[in-house]
Amino acid sequence: MARADGAPYPAELTHLRPTDAAGLRVVGVAAGGTALGLFLTFAGGFGPWISGQVLLAVMLVQWFVILHECGHDTLFRTRRWHASAGRIAATFSLIPYHCWTRVHGRHHKWTGWQDLDPTTESLVPRPRGRVQRAIVNVCWRLWIPIFSIVYRATNYWNIVRLFRMFPKPADRRAMARDTALLIALYALVVFALGPAMVFRGAGLALAIAFVIEDLLLLSQHTHVPQQVSGGNVVKPFPAVEQEPFTRSLRLPGIASAFVLHFDAHELHHMYPFVPGYHLRRIPYTPENEIGWWNWVRGAKQVPADVLLFQNRLETGHDL
């Protein structure tokens, strides 16, 4: 029996569980696509290089999606596999694994409370300087993917902030370990291949991947009305009640399936225990779902400082 709003109760979806076979297929496709992208990149000639970079960009987005699934323990049935696959995905995603799992977990806990969610805290309404507004507006207009870079730097690489949010020694040790390991690995790759070779092999792919991720990430919670605790003691919104605080894009069917329905963000927040590859099997259409092109076209017509720092109730932009 569905809730009053038509959404199923979580107990009705217990059959939508992860399987090892599905998880292995996802990781296998990402690994194979990455290998092919690198092969084309270094095969010689402009055509193979550009093809390889575009393919590699798509795979980098896929690795980010895999990281997301591993953080929820929803990619495999065998839970211990998530740490291994997640760290591989974290390497390609440029995000330390334990930093991701802890921050993303807190994001889900506090979705709806803008000042308590670590990924939206910086968007809380307050006076902002002209320079900051100009930078975000120019980058948004010119498709410069500054937002995916800032998202990583502030949420997953800012060790001082992370230690302040997660004071337990075990968390701090794991975050410091994963951060140090990634820095060492990236430094080793640059030292072994040289900066020019690394840039040729991944520079354009990273830029394209970040442009795609900008659109995906900014579509999820920006310009959506949120609550602000203002320092008061408040309770988290239960997962199934987080629909009003997020937005879903509707990608074409093949693209949506490839990214494990990462675009079905409302369903993911309502039912975070459901694997991404099963999300579209949930018999419910969320209230804030919008076609991907309608959102991109509408969002690009709005200055970034308005898109980021205000919401549709304040501006009238129904995105």
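Here are the numbers for the structure shown:
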{"item": "Failed criterion for A7 (all others in (1) surrounded by 15 or more Cβ atoms within 10 Å (Cβ to Cβ); (2) modelled with pLDDT of 95 or more hold)", "result": "(2)"}
{"item": "Residue under evaluation R133, criteria (1) surrounded by 15 or more Cβ atoms within 10 Å (Cβ to Cβ); (2) outside any helix (DSSP H, G or I), criterion not met", "result": "(2)"}
{"item": "Leading residue by the ranking (farthest from T154 (Cα to Cα)) among those in region 73-82 that are in contact with a Ser or Thr (Cβ under 9 Å, 6 or more places away or on another chain) and either among the aliphatic types (A, V, I, L, M) or in a loop (DSSP other than H, G, I, E, B) (or both)", "result": "R77"}
{"item": "Within region 93-106, tally of residues that are free of Cβ contacts under 8 Å to residues at least 60 places away in the same chain and open to solvent by 10 Å² or more (accessible area, probe 1.4 Å)", "result": "4"}
{"item": "All positions within region 205-238 that are farther than 20 Å from Y151 by Cβ and assigned to a helix (DSSP H, G or I)", "result": "none"}
{"item": "Odd one out for G316 among (1) modelled with pLDDT of 95 or more; (2) at positive phi", "result": "(1)"}
{"item": "Single residue of A196, A192, A202 found to be open to solvent by less than 60 Å² (accessible area, probe 1.4 Å), in a helix (DSSP H, G or I), aliphatic (A, V, I, L, M) and at pLDDT 95 or above", "result": "A202"}
{"item": "Enumeration of residues in region 66-92 that are of a type in the set (V, I, T) and either surrounded by fewer than 23 Cβ atoms within 10 Å (Cβ to Cβ) or out of contact with any Gly (no Cβ under 9 Å at 6 or more places or on another chain) (or both)", "result": "T78, I88, T91"}
{"item": "Members of region 163-189 found to be open to solvent by less than 40 Å² (accessible area, probe 1.4 Å) and either farther than 16 Å from W100 by Cβ or assigned to a helix (DSSP H, G or I) (or both), listed by number", "result": "M165, D171, A174, M175, D178, T179, L182"}
{"item": "Residue satisfying condition, being outside any loop (DSSP other than H, G, I, E, B) and open to solvent by 50 Å² or more (accessible area, probe 1.4 Å), within set L56, L36", "result": "L36"}
{"item": "Residue in region 104-122 that is modelled with the highest pLDDT, counting only those that are assigned to a helix (DSSP H, G or I) and touching a Ser or Thr at 6+ places or on another chain (Cβ under 7 Å)", "result": "H107"}
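The values are calculated or read from the model by the stated rules, or taken from the named source; none is laboratory data. Note that the structure is a prediction, hence the values are computed from the model and not measured. Glycine gets a Cβ as well: all are built from the backbone with ideal geometry, and neighbour counts include every protein chain shown. Keep in mind that these areas ignore ligands, DNA and RNA; they rest on the heavy atoms of the full protein, side chains included. Shrake-Rupley method; radii C 1.70, N 1.55, O 1.52, S 1.80 Å.
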